[in-house]
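K.L.:
This structure is in structure tokens; I'll ask about it shortly.
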Amino acid sequence: MKEEVWLRAPEGALQAKVDLPSSKSVSNRVLLIRALCREPFRIAEVSEADDTRILQELIQNQPAFADCGAGGTTFRFLLALRCLQGIGGRISGSPRLVERPVRPLVETLQQLGAGIRYLKKEGFPPLLLSGGKMLGGSISIRADVSSQFVSALLLIAPRLSGGLRLQLSGKVVSSKYIDMTLALMRYFGVNSNVRDHTIEVPEAEYRSRDFTVPSDWSAAAFFYAMAALKPGSALTLPGLAEDVFQGDRALEVLMEDWGVSTERQGAEVLIRSRGIPERSFSYDFNDTPDLAQAFAV
């Protein structure tokens, strides 16, 4: 039987209150920080995304075989955590995930003392972890492949003996996600020193603090886009106004050029559209790649 899907744009301006999903990026980082705290703390509004759900389960249960599904962040964060904790076993994921490179992170973790070897293709999952005692120090990592490699190392850095001095080589991609990581580390009591392409994190203890995950600015981009295409729209987006961690909040500034204004009302954001100006637009999404899809549409 032939199946068809019909899409029809709504008539007129949009008027709605939109319940956005919680930020997956923030959730994953806070879950890792909690795993490294001496005392547990409460995380409210944790993302329901598969990546976050799987990461939370794997941190809690510590199975001998960790299947990370399709989540690159899940795999890379869990890899760094398990190496720090000295937990052995296999770690892998979906057919798509095992096609994603991990060599820069693996080599850096090995240099810090982790026992890791490839089970199939060199430079890619699955991996076999065999414990090892990790120590801090000064080390370099390529930052032109994935910011997740850098964030994974930064999150475990305070628990390394002597801390970590991380030199980033190459053009740094998705730098706003590294900024998010450092901001969350500061929120939980760990400061860092950033100078040029070098990040220094001292040996320190994370401070347990209850935390509420904000709504996802990346998801908000599509509702901003819908409003832009429907002049006169007014959409209320709860849970965004007080967020200071997500780099994708640059959206509210970028969308001014597309005729969408942003007004903060308590914990909510109210967006209003007046029509897209007839002019060209150019922006480099290297730092905020998750916004690119909505703008492209």
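K.L.:
Considering the options L79, L168, N286, tell which one lies farthest towards the positive end of the dipole of the chain, charges being +1 on Lys and Arg and -1 on Asp and Glu at the Cβ, about the Cα centre.
P.N.:
About the Cα centre, the residue reaching furthest to the positive side is L79.
K.L.:
Considering Cα pairs under 8 angstrom that are at least six residues apart, work out the relative contact order of the chain and quote it in whole percent. Please list the in-between numbers first.
P.N.:
Numbers: 597 pairs, mean separation 56.8, N = 297.
It rounds to 19 percent for the chain.
K.L.:
Just to confirm the number: angle between the C-alpha axis of helix 24-36 and the first principal axis of the chain, 0 to 90 degrees, nearest 10?
P.N.:
30
K.L.:
Suppose every Lys and Arg Cβ carries +1 and every Asp and Glu Cβ carries -1, with no other charges. What dipole size does the stretch 150-297 come out with about its Cα centre, to the nearest 20 debye? Mind dumping the intermediate values first?
P.N.:
Details: 14 positive and 19 negative charges, 18 e Å.
Its charge dipole is roughly 80 debye.
K.L.:
Sticking with this one: Decide, for the stretch 35-129, between rounded, prolate and oblate: order the square roots of the alpha carbon gyration tensor eigenvalues as a ≥ b ≥ c, take rounded if a/c falls under 1.5, and otherwise choose prolate if a/b is larger than b/c, else oblate. Numbers along the way, then the final one.
P.N.:
Numbers: a/c = 2.04, a/b = 1.35, b/c = 1.52.
It comes out oblate by the Cα gyration axes.
K.L.:
Rounded to the nearest 0.05, what FRET efficiency do Y283 and K120 have when you use their Cβ-Cβ distance and R0 = 45 Å? Mind dumping the intermediate values first?
P.N.:
On the way: r = 39 Å, r/R0 = 0.87.
Given R0 = 45 Å and the Cβ-Cβ separation, E is 0.70.
K.L.:
Accessible area per residue for the chain in Å², computed with a 1.4 Å probe and the full protein assembly in place, what is it? Mind dumping the intermediate values first?
P.N.:
On the way: 14460 Å² over 297 residues.
Each residue of the chain exposes 49 Å² on average to a 1.4 Å probe.
K.L.:
Still on this model: Using a simple spin-label model with points 7 Å from Cα along the Cα→Cβ vector, what separation in nm is obtained for E242 and Q265?
P.N.:
For E242 paired with Q265, the spin-label model returns 1.7 nm.
K.L.:
Does anything in the stretch 138-166 have its amide N under 13 Å from the 7 Å Cα→Cβ label point of A292, and if so which residues?
P.N.:
Residues 145-147 qualify, since their backbone N sits under 13 Å from the label point.
K.L.:
Mind checking which lysines have their Cα closer than 30 Å to the Cα of K120? Skip sequence neighbours fewer than 8 apart in that chain.
P.N.:
Hits, sequence-local ones excluded: K24, K133, K171.
K.L.:
Relative to the Cα centre, what is the charge dipole magnitude of the stretch 79-207, using +1 at the beta carbon of each Lys and Arg, -1 at the beta carbon of each Asp and Glu, and rounding to the nearest 20 debye? Display every interim value, and only then the final one.
P.N.:
Numbers: 17 positive and 9 negative charges, 74 e Å.
That gives a dipole near 360 debye.
K.L.:
Let me ask something else about it. In degrees from 0 to 90, rounded to the nearest 10, what is the angle of the helix 50-61 Cα long axis to the longest principal axis of the chain?
P.N.:
Result, in degrees: 30.
K.L.:
Still on this structure, I have one more. Report the gain in length on full extension from R8 to Q110: 0.36 nm times residue separation, minus Cα-Cα distance, nm rounded to one decimal. If you can, show how the numbers build up before the last one.
P.N.:
Values: separation 102, 0.36 × 102 = 36.72 nm, distance 5.32 nm.
The span from R8 to Q110 would gain 31.4 nm if fully extended.
K.L.:
Give me the percent of accessible area attributable to carbon and sulfur for the chain, probe 1.4 angstrom.
P.N.:
Numbers: 6980 of 14460 Å².
So the carbon and sulfur contribution to the accessible surface is 48 percent.
K.L.:
Where nothing but the Cβ of Lys and Arg (+1) and of Asp and Glu (-1) is charged, how large is the charge dipole of the chain around its Cα centre, in debye to the nearest 20? List each step's numbers first, then the result.
P.N.:
Working: 34 positive and 34 negative charges, 196 e Å.
For the chain, the charge dipole is close to 940 debye.
K.L.:
Report the Cα centroid-to-centroid distance between the stretch 194-225 and the stretch 99-175 in angstrom, as an integer.
P.N.:
The stretch 194-225 and the stretch 99-175 have Cα centres separated by 19 Å.
K.L.:
Percent of Cα-Cα pairs more than 20 Å apart in the stretch 142-297, please.
P.N.:
56
K.L.:
How much FRET efficiency would the formula 1/(1 + (r/R0)^6) give for E45 and S169, where r is the Cβ-Cβ distance and R0 is 35 Å, rounded to 0.05? Don't jump to the answer; show the numbers that get you there.
P.N.:
Details: r = 36 Å, r/R0 = 1.04.
Calculated value: 0.45.
K.L.:
Separate question: For the pair V253/R272, report the inter-label distance in nm, with labels modelled 7 Å from Cα in the Cβ direction.
P.N.:
Placing both labels 7 Å beyond Cα along the Cβ direction yields 2.3 nm.
K.L.:
Once you have a ≥ b ≥ c as the square roots of the Cα gyration tensor eigenvalues for the stretch 1-85, tell me rounded if a/c is under 1.5, and otherwise prolate or oblate according to whether a/b is larger than b/c. Spell out each step's value before the answer.
P.N.:
Numbers: a/c = 3.79, a/b = 1.85, b/c = 2.05.
In terms of gyration-tensor shape, oblate.
K.L.:
Right, here's the next one. Can you classify the stretch 217-297 as rounded, prolate or oblate using the Cα gyration tensor, where a ≥ b ≥ c are the square roots of its eigenvalues, rounded means a/c under 1.5, and otherwise it's prolate if a/b beats b/c and oblate if not?
P.N.:
oblate
K.L.:
Along the Cα-to-Cβ line of T212, 7 Å from the Cα, sits a label point; which residues in the stretch 222-251 have backbone N less than 20 Å from it?
P.N.:
Under 20 Å, as judged by backbone N against the label point of T212, lie 236-247, 249 of the stretch 222-251.
K.L.:
Sort R38, R209 by accessible area with a 1.4 Å probe, largest first. Numbers along the way, then the final one.
P.N.:
Values: R38 155, R209 85 Å².
Largest to smallest exposure gives the sequence R38, R209.
K.L.:
Show me, for the stretch 255-263, the HN-Hα J-couplings you get by feeding each phi into the Karplus relation (A = 6.51, B = -1.76, C = 1.60, θ = phi - 60°), rounded to Hz, glycine and proline as x.
P.N.:
6, 4, 5, 9, x, 10, 9, 10, 10
The values are calculated or read from the model by the stated rules, or taken from the named source; none is laboratory data. A quick note: this is a predicted structure, and the numbers were derived from the prediction, not measured. FYI the Cβ positions are ideal-geometry reconstructions off the backbone, even for glycines, and counts take in every protein chain you see. Ligands, DNA and RNA are excluded from the accessible area calculation, which covers all protein heavy atoms including side chains. Shrake-Rupley method; radii C 1.70, N 1.55, O 1.52, S 1.80 Å.
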